[in-house]
Amino acid sequence: MNLDQALQEISAAPSLEALHTLKVQYLGKNGLVTQEMKTLGKLSPEERKEKGRALNEIKEKLTAALAAREAAIKEQSLQEQLEREALDVSLPGYAFPSGGLHLISQIQKELLDIFRTMGHSVVEGPEVESEFFNFDGVNMPEWHPARDMQDTFWLQPPEGFTIQGPFGESVNDLGSALLRTHTSPMQVRYMVQHTPPFKIVVPGRVFRYEQTDASHEAMFFQLEGLVVGEGITMADLKGAITELARGLFGAEGRVRFQPTFFPFVEPGAQFAMWWPERQKWLELGGAGMVHPNVFKAVDDYREKLGLPRAYEGVSGWAFGFGLERLALLRYGIPDIRYFYQQNRLSFLRQFRN
Ligand code: PHE
């Protein structure tokens, strides 16, 4: 047998099985080396000693080579297994981004909490509204110049579409359909359906047919407040708005009222809040005492439905303001379009709750 060839075969053995076959072939009971060993007996002592040593050397070399090859094959298959099953714990994991409330939702929630504390119920009205509730019912008849203040998205509802009044009755005959331009129509709807005294707030989306710019959006959110009962005065209104300012800005919160005109209030005011941190006034929205014509429109509507008039001899106050405006001023946000048009997460995430 040829030792070099055997060693070469061993070091090239591709698997443990192949290696085992080689081991049997050379060192097994009938292996080549073993067979040679058996011939030693026929030799002279001199020759036997000589050949015996040579064979032992060969056996040792083969044994060592087999062991080395076996270790190498095992090492290689271990490496392959490790590579196959590799788990790189340094790789970044999958991110499951958690959502958050939009800044405007957060502010709405904050505002509603403040008014709930004051005993107001939270009610909501439809975004697709009738001209009647949006305008006529709040003392803005068609000829009224104040209608120009609110540019309107008029709608052409499909055949068979009804706009429903507070009790589900069709109000299609009372005017065209539109996207509400303010939350004030809910004043009328609520009063038709309820009798005083009550305190409500109405959050909701409103729409204006407007060119957008840094401070104007075609869609934004308002919060409307309405309190009606016997002996309700402007002082109550001021108290409630002051409470709102304190809820938003702490004990130093203050409010300022300046006379202005809205058709649905008399007297009417615009109000601003003092922002202690920045030492400035935030011009926020409108307010005032509910105009008698609004109560009259409500009672006329109730009467038409066969309900008793309920708003003679009561008084009430109302306010309305935009949530985006509060957010813009409070956080120094330069452009209202960040909220919805761009809807940039990098912007919104700054206000993650
Ligand atoms: N509806 C008015 C607006 O959208 C705000 C307002 C509400 C003013 C209630 C006075 C009373 O501008």
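The values are calculated or read from the model by the stated rules, or taken from the named source; none is laboratory data. Quick caveat: nothing in here was measured; it's all calculated off a predicted structure. Here the Cβ positions follow ideal geometry from the backbone for every residue, glycine too, while neighbour counts run over all protein chains shown. Just so you know, the surface numbers come from the protein's heavy atoms only, side chains and all, with ligands and any DNA or RNA stripped out. Shrake-Rupley method; radii C 1.70, N 1.55, O 1.52, S 1.80 Å.
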Legend entry - Leading residue at positive end of dipole, the chain (Cβ point charges), from Leu345, Gly93, Pro196: Gly93
Legend entry - region 27-66-region 313-353 distance, computed between alpha-carbon centres (Å): 96
Inset, instruction - Percent of Cα-Cα pairs per 5 Å bin, from 0 to the last occupied bin, for region 103-351, please list those. - result: 1, 6, 13, 18, 19, 17, 13, 8, 4, 1, 0
Inset, instruction - State in Å² the accessible area per residue of the chain; use a 1.4 Å probe, count heavy atoms of protein chains only, and round to the nearest integer. - result: 56
Inset, instruction - Calculate for the chain the 222 nm mean residue ellipticity that helices alone would give, adding -39,500 (n - 2.57) per DSSP H run of length 4 or more and normalising by residue count, nearest 500 deg cm²/dmol. - result: -12500 deg cm²/dmol
Inset, instruction - Kindly provide the pair-distance distribution of region 53-105 built from C-alpha pairs, with 10 Å bins from 0 and whole-percent values in order of increasing distance. - result: 18, 19, 16, 14, 11, 8, 6, 4, 3, 1
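Filter the DSSP H helices in the chain by two things, a Kyte-Doolittle mean of at least 0.5 and an axial alpha-carbon span of 20 angstrom or more, and list the hits by number.
Membrane-span-like by this criterion, though nothing is claimed about a membrane: 234-249.
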Legend entry - Solvent accessible area, Å² - Leu87, 1.4 Å probe, full protein context: 150
Inset, instruction - For Lys42, list the lysines whose Cα falls under 16 Å from its own Cα; do not include residues on the same chain fewer than 8 positions away. - result: Lys51
Legend entry - Fraction of beta bridges assigned by DSSP in region 103-351 that are antiparallel (%, nearest 5): 95
Legend entry - Calculated from backbone phi, Karplus (6.51, -1.76, 1.60) coupling profile of region 134-151 in Hz, x at Gly/Pro: 6, 10, 4, x, 9, 6, 10, x, 4, 7, 6, x, 5, 5, 5, 5, 10, 6
Inset, instruction - Please get the size of the charge dipole for region 1-120, origin at its Cα centre, with Cβ charges of +1 on Lys and Arg and -1 on Asp and Glu, quoted in debye to the nearest 20. - result: 560
Legend entry - For the chain: relative contact order, % (alpha-carbon pairs under 8 angstrom, 6 or more apart): 15
Inset, instruction - Two decimals is fine: what's Rg over Rh for region 1-102, C-alpha atoms, Kirkwood radius as Rh? - result: 1.48
Inset, instruction - Using a Gaussian network model of the chain whose springs link C-alpha atoms within less than 10 Å, name the residue from Phe161, Phe321, Phe207 with the highest mean-square fluctuation. - result: Phe161
Legend entry - Rounded percent of accessible protein surface that carbon and sulfur make up, the chain, 1.4 Å probe: 52
Legend entry - Sites matching chymotrypsin sites (Phe, Trp or Tyr not before Pro) across region 14-119 that sit in DSSP coil, with at most 16 neighbouring C-beta atoms within 10 Å: Tyr94
Legend entry - Partners for Lys59 among aspartates and glutamates (Cα-Cα distance below 19 Å; same-chain residues under 8 apart left out): Asp4, Glu9, Glu36, Glu47, Glu50, Glu70
Inset, instruction - Take region 192-281, compute every pairwise Cα distance, and split them into 10 Å bins from 0; I just need the percent in each bin. - result: 13, 34, 40, 12, 1
Inset, instruction - Sort largest first and round to whole Å: the equivalent ellipsoid semi-axes of region 67-158, each the square root of five times a Cα gyration tensor eigenvalue. - result: 72, 20, 10
Legend entry - Among Val201, Val89, Val314: highest mean-square fluctuation, GNM of the chain, C-alpha pairs under 10 Å: Val89
Inset, instruction - For Lys109, list the lysines whose Cα falls under 21 Å from its own Cα; do not include residues on the same chain fewer than 8 positions away. - result: Lys199
Inset, instruction - Whole Å is fine, so just give me how far the alpha carbon centre of region 279-310 lies from that of region 148-164. - result: 22
Inset, instruction - Lys and Arg at +1, Asp and Glu at -1: add these up for the other residues within a Cβ distance under 15 Å of Leu82 and post the number. - result: -3
Legend entry - Among Val206, Val24, Val171, residue whose mean-square fluctuation peaks in a GNM of the chain (springs only between Cα atoms under 10 Å): Val24
